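Since the structure comes first, as structure tokens, the remarks are kept for the end.
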Amino acid sequence: MSGYAKIKSVKTPKIKGVYLAFGLMTAIVVLLAYGGYRYWEFNESKIFRLEQLLSINQNKLLIFEKENTDLTEALHNEQAKNQLYEAQIKNIFEVVGELSGTVGVLKKLSQTDPELLKKYSKVYFLNEHYTPTRLEIIDSKYIYDKNIPQQIHINAAPFLERMLASASNASVTLKIASAYRSFGTQAVVKSGYKVTYGAGTANQFSAEQGYSEHQLGTALDFNSPETKEVFLGFEKTKNYKWLTENAYQYGFVLSYPPNNIYYQFEPWHWRFVGVALASKLHDENKYFYDLPQRDIDNYLVNIFD
């Protein structure tokens, strides 16, 4: 065998091995490249699908947000409507309530004697036909002369009873010398005073018939067992002191205080005007005849409350 043949026979297997290794490496590279491509392609496809899904979800979210905004706006609109309706209904009820209250006040006022808070005593006049709506006989234990029954306006009676009971609890004994007097009775009383004291003097402490608060059935003349004569020195008794400090709580006021322009000071003469008005006069240190008639009239509807 020649040298060339030997070289050929020796190199041929090596060359084949190189070729085989190269081919194998090439195949591996190709496979890796293909695998890498397929992996990249798979990831790219997955990312694309995820991006699509994200985009779809973002669109859905925008739609939901839009719907939520619309619903919120619709809810606010409905709430505003409801608040408006509630306000309107409230106004209606308030108007109805005011009308009902006004009707109630007017009805109550129509059932109340309009004369009860008028300024008599030389100002307003009560004719001979006027009598209180209804009178009640005062318990005889409170009467100065038990032989002469005394009466008071039936609606003022409970206030008087509470006042007399309260005074008694304070060890103050109030006796009633005179209460309701009719037009005719007042005429007789005034005539008697004129005969006894003279017309000029009588006019200083006694009203003519038709001008007396007693005809209303809400005026009272008190006396005290401490005085030997009716009314004499009454202003110096604890009874008068108690009345000045407490009578307003029961709706009674002193009609003719010192220096009034109508009659001489009459500490025994008290008139029922209602708790509200009596309290106002007490708090402001005023007397009944100090107020304008229009201001007094505002208290008529609640005189017996």
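For segment 204-305, the dipole from Cβ point charges (+1 on Lys and Arg, -1 on Asp and Glu) about the Cα centre works out to 180 debye, to the nearest 20. Ordering G184, S140, M163 by the projection of their Cα atoms onto the charge dipole of segment 135-302, which places +1 on the Cβ of Lys and Arg and -1 on the Cβ of Asp and Glu, puts S140 at the extreme positive end. In loop segments of segment 202-305 as defined by DSSP, the trypsin sites (Lys or Arg not before Pro) with at most 12 further C-beta atoms inside 10 Å of their C-beta are K228. Volume per residue for segment 135-302 equals 120 cubic angstrom (convex hull of Cα atoms). Note on H282, H129: ascending count of other Cβ atoms within 10 Å places them as H129, H282, the fewest first. Taking Cα centre as origin and charging only the Cβ of basic (Lys, Arg, +1) and acidic (Asp, Glu, -1) residues, the dipole magnitude of segment 135-302 rounds to 300 debye.
Amide hydrogen proximity for A177: with H placed 1.01 Å from N in the peptide plane, the residues at 5 or more positions away or on another chain lying under 5 Å are Y144, D221, F222, N223.
Remark: segment 147-152, residue by residue, has Karplus-estimated 3J(HN,Hα) of 7, 10, x, 10, 10, 9 Hz, where x stands for each Gly or Pro and the curve is 6.51 cos²θ - 1.76 cosθ + 1.60 at θ = phi - 60°.
Shown in residue order for segment 23-28 are the 3J(HN,Hα) couplings computed by the Karplus curve 6.51 cos²θ - 1.76 cosθ + 1.60 at θ = phi - 60°: x, 5, 5, 4, 5, 5 Hz (x for Gly and Pro). Separation of segment 260-294 from segment 152-173 is 19 Å, based on Cα centroids.
Every number here is computed from the coordinates shown, using simple stated rules; none is lab data. Computed from a predicted model, the values in this text were never measured in an experiment. Every residue, glycine as well, gets a Cβ built from its backbone with ideal geometry; the counts of neighbours run over all protein chains shown.
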